[in-house]
Amino acid sequence: MARPKKPLSQQNSHLTKDEIADRELQEELIKVDSDKISCPSWVKGSIARKQFDFIAAELRRLGVITNLDINSLAQYCVAYANYVQATKELKSQSLLMKYTNKNGSTNLIENPLIKIQLKYSDEMKKWANVLGLTIDSRLKFAISKTQEVKDEIVDEFGDI
């Protein structure tokens, strides 16, 4: 399976001037507006909606969210709200529960809420990586922004 393409600003390989020009054109052609960023109506609950507004504001400040990212962010926020709910319910219960099987013997089993909590935790991690909410993705973004600033300085003052 081929690796996903990286934006030009995150490229580590040495590209020719023609390759750089091609990549810049490709990136310019896929730019999307960010004028309709609001929480979708299908997102229910105050926790998910507040999380959406908070993260959208932060991503907007960084300039990395577009209209096409709305549903991905909403899915992250729904998973977050469900994770919070499972965690709150688990807080008032034991981690182990007694289970009586068909034969009548009783065993201790893991509380099913733990699996639900882990499911939503995994879902959050998946969407966080997609949206750039992890520290790794933010560092990559910072590296690309740093390179842009350096390039602007070189363009303005030359290679001093």
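Worth a mention:
- Of all residues in region 45-65 being part of a helix (DSSP H, G or I) and among the aliphatic types (A, V, I, L, M), the one that is modelled with the lowest pLDDT: 62
- Screening region 66-160 for helices (runs of 4 or more DSSP H) wholly inside it with 1 or more residues that are modelled with pLDDT under 85, over 18 Å from residue 55 (Cα atoms) and over 11 Å from the mean Cα position of the chain (by Cα) returns the ranges 135-157.
- Residue check for residue 34: at pLDDT 65 or above, closer than 30 Å to residue 57 by Cβ and either within 20 Å of the chain's Cα centre (by Cα) or loosely packed, with under 10 Cβ neighbours inside 10 Å (or both): yes
The values are calculated or read from the model by the stated rules, or taken from the named source; none is laboratory data. Here the structure is a predicted model, which is why all the values come from computation and not from measurement. Note that we place each Cβ from the backbone using ideal geometry, even for glycine, and neighbour counts take in every protein chain shown.
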